[in-house]
Each structure stands twice: as structure tokens, then as C-alpha cells.
Amino acid sequence: MSYPPKIHQNSTQHQLLEVIKSYPLATLISINGSEPIITQVPLVWNGSKLIGHMDVHNPQAAFLKNNHTVTAVFSGPQCYISPSIYTTTQLPTWNYIKVHVKGNVTAVSKSEDVKQSLIYMTHSLEEPEHKYVLDPDNEQMTKYLPYIHAFEIDVTSWEGTFKLSQNRSKTDAELAKQELIKKNQKCIEAFISSLF
């Protein structure tokens, strides 16, 4: 028996890339012996690989060298689904979207390549309005280049889990989808409001 169940598995690359594009802050996992090393870091797809960077003082930077294997977990929307929303009798559940990507790392060491990587990431993350453009001659960027560890991940496997009540009736699946949208908007608003 496969897990997650086939109905929740998604291997459609353009949909997985849409999750990565919409939720680029990844949980990046390296292994040191039997100990996981974990960092939250934005990763951007450049058409053939994932690119990213982190502070050179981050302990995980030492494991983002050539041919090290990593796993990146991208988390889409998620929430508790109450049986009260369904038209049929159900039990409580949790709906979510996750994408797991495994790959081999290559360090980006030349200053000019690091700079281009930062410019590309900024360009991608500014879409679609592009209100800010990172200038190649930006003095602040140049000043911080020695403190940036840039890297690329050649993807070797993709795994998407889209648990969205697909095993329910069409009506209940649609109600669960609306609940996921509503709860994520409410959670963000409530959480941000509680901070300020």
C-alpha cells in the first residue's frame, strides 16, 4: 500500500512548481551523520534547478557543498476541517498541501555568480509587479557578498501531497476547499493582528 494514498499524491510538475512559486520559504534539511540540520530559507526555481543562499555562519552552509544531498519541504495552505461543514457524516480531518524535493547541491562560489543568483531571486520574488529591481552595482549587495553562501539544487525527485478531501463527495470537497481558503485568510489576519 502506498502512502500517502494515491488520491492525495500529486506528481504534476507544473502544479508542484506553482506551490514552490507561491510558497518559496522552504524547510531545507541536510544530514550530519544521523543528525538533521534544518534551516528555513527561500528557494526559487530558475527553469532547471532550485537556487538559494544563506549566511555563511549558518552551520548548514558547510553541508551545502558539491554533491551533498538535501531535502526541501515547501508548505502550502493547511487547516483543520470540521465535520460541521460537510453535507454528509464525516470525522474531523486536516487538509494541506506539501511538496518534498530531494536533490544534490552545488555551491556557487564566484562573486559574480552569487550576485546574479541574488538578482534572479529578487526578480522572481518581485513578480508580477517588479516594484523593486536589484541593481548589479548595488554597493550594499557587494559589501555583503563575502557573508553569503549561495547554492543550487539539482532536483532528483519530486513528491507532492495535496490532501484536499478528494475522497469526499464533490459537494463536500468543494466545501472543504472553501474552508481551507477562509481559514487561511482568517489565521493570517488574526496572527498578524496579535503581533502588533
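In the range 116-135 there is at least one residue matching the filter, namely being of a type outside the set (Gly, Ala, Ser) and more than 24 Å from the chain's Cα centre (by Cα). The residue pairs whose first member lies in the range 178-192 and is outside any helix (DSSP H, G or I), whose second member is surrounded by 12 or more Cβ atoms within 10 Å (Cβ to Cβ) and of a type outside the set (Asp, Glu), and whose beta carbons are closer than 9 Å, counting only pairs six or more residues apart or on different chains, do not exist in this structure. All conditions but one from (1) crowded, with 20+ Cβ neighbours inside 10 Å; (2) in a helix (DSSP H, G or I) apply to ILE119; the one that does not is (1). Please indicate, with yes or no, whether at least one residue in the range 135-144 is surrounded by 15 or more Cβ atoms within 10 Å (Cβ to Cβ), β-branched (Val, Ile, Thr) and in a helix (DSSP H, G or I). There is no residue in the range 135-144 that is surrounded by 15 or more Cβ atoms within 10 Å (Cβ to Cβ), β-branched (Val, Ile, Thr) and in a helix (DSSP H, G or I). Checking each residue in the range 150-170 for being at pLDDT below 95 and among the polar types (S, T, N, Q) picks out SER165, GLN166, ASN167, SER169. For the range 14-23, which residues satisfy the criterion of being more than 14 Å from LYS102 (Cα to Cα) and either buried (at least 19 other Cβ atoms within 10 Å of the Cβ) or in contact with an Asp or Glu (Cβ under 6 Å, 6 or more places away or on another chain) (or both)? Answer for the range 14-23, where residues must be more than 14 Å from LYS102 (Cα to Cα) and either buried (at least 19 other Cβ atoms within 10 Å of the Cβ) or in contact with an Asp or Glu (Cβ under 6 Å, 6 or more places away or on another chain) (or both): just VAL19. Look at (1) farther than 14 Å from LEU43 by Cα; (2) among the small types (Gly, Ala, Ser); (3) out of contact with any helix residue (DSSP H, G or I) (no Cβ under 6 Å at 6 or more places or on another chain) and you find that GLY103 fails only one, number (1). Selection of the range 50-89 for residues being part of a loop (DSSP other than H, G, I, E, B) and surrounded by fewer than 17 Cβ atoms within 10 Å (Cβ to Cβ) yields VAL56, HIS57, ASN58, LYS65, ASN66, ASN67, SER82, THR87, THR88, THR89.
Could you list, in sequence order, the residues of the range 14-37 that are farther than 29 Å from SER169 by Cβ, part of a helix (DSSP H, G or I) and not charged (D, E, K, R)? Give the derivation first.
Restricting attention to the range 14-37, the residues satisfying the condition of being farther than 29 Å from SER169 by Cβ are 17, 20-21, 24-37.
Going one step further and asking which of them are part of a helix (DSSP H, G or I), we end up with 17, 20-21.
Scanning the range 14-37 gives LEU17, ILE20.
Of all the residues in the range 101-139, those that are in contact (Cβ under 8 Å) with a residue 24 or more places away in the chain and in contact with a Leu (Cβ under 8 Å, 6 or more places away or on another chain) number 8. Quick test of your reading of the structure: ASN167 fulfils all but one of (1) part of a helix (DSSP H, G or I); (2) in contact with a helix residue (DSSP H, G or I) (Cβ under 6 Å, 6 or more places away or on another chain). Name the failing condition by number. The single condition ASN167 does not satisfy is (1).
Of the residues making up the range 159-191, those that are under 20 Å from the mean Cα position of the chain (by Cα) and exposed (fewer than 13 other Cβ atoms within 10 Å of the Cβ) are ILE181, GLN185, ILE188.
The values are calculated or read from the model by the stated rules, or taken from the named source; none is laboratory data. Please read all numbers here as calculations on a predicted model, not as lab measurements. Positions of Cβ are generated from backbone atoms using ideal geometry, with glycine treated the same way; all protein chains shown enter the neighbour counts.
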